[in-house]
1. Kindly establish whether residue 123 is touching a residue at least 40 places away in the same chain (Cβ under 8 Å) and either within 27 Å of residue 17 (Cβ to Cβ) or not assigned by TED's automatic domain parsing to the domain that holds residue 39 (or both).
2. Which number in (1) crowded, with 18+ Cβ neighbours inside 10 Å; (2) part of a helix (DSSP H, G or I); (3) touching a strand residue (DSSP E or B) at 6+ places or on another chain (Cβ under 8 Å) marks the one condition that residue 31 misses?
3. I'd like to verify a number: residues in segment 93-105 that are more than 15 Å from the chain's Cα centre (by Cα) and surrounded by 19 or more Cβ atoms within 10 Å (Cβ to Cβ), how many?
4. Identify, from the list 90, 108, 70, the residue that is exposed (fewer than 13 other Cβ atoms within 10 Å of the Cβ), touching a helix residue (DSSP H, G or I) at 6+ places or on another chain (Cβ under 9 Å) and over 18 Å from residue 14 (Cβ atoms).
5. Do any residues in segment 55-80 that are on the phi > 0 side of the Ramachandran plot and touching a residue at least 40 places away in the same chain (Cβ under 8 Å) have Cβ atoms under 6 Å from those of residues that are crowded, with 17+ Cβ neighbours inside 10 Å and assigned to a helix (DSSP H, G or I), where the two are at least six apart or on different chains, and which pairs are they?
């Protein structure tokens, strides 16, 4: 039996108004990505997109999405992302663009990266707080940033086999 390897792209949907994020759904994002791949790479890209592409996760509150694509062809998807300028959803056109934050071999590595990324964002917000109550809320949010497995807190710095493989291929923490 052959295991099909995939790559997961962690992307952030950037919109002008946060309320526009709630209009998006995974089917609309998948359609926009497939259309962009077809525009940039033609029939070849469209065929590859129809085989191994899916939107695995969408968080409308934060604008984070996980896109899955076959390992061998993920660069086609990655190169087409900058050409997405709007997404048609529920009869409305949402102006946005996708910022790829991380490419990983598993969803778990993307989750670990997302936790580190969110922790860094919280640390950047801490000096900008205006009062002690805001600082306390951010400190509490920073302390809650961890992965829990089987009741034990797991350190984020621990690396799985796929992260080591990603680093060998030069995929870890790509811009």
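1. For residue 123, the condition - touching a residue at least 40 places away in the same chain (Cβ under 8 Å) and either within 27 Å of residue 17 (Cβ to Cβ) or not assigned by TED's automatic domain parsing to the domain that holds residue 39 (or both) - is not met.
2. (1)
3. To start, the set of residues in segment 93-105 that are more than 15 Å from the chain's Cα centre (by Cα) comprises 93-95.
With the extra rule that they be surrounded by 19 or more Cβ atoms within 10 Å (Cβ to Cβ), the set shrinks to 94.
The qualifying residues number 1.
4. The match here is 90.
5. Filtered contacts from segment 55-80: 63/21.
The values are calculated or read from the model by the stated rules, or taken from the named source; none is laboratory data. Predicted model, so just to flag it, every value in this text is computed and none were measured. All Cβ positions, even for glycine, are placed from backbone atoms using ideal geometry, and neighbour counts span all protein chains on display.
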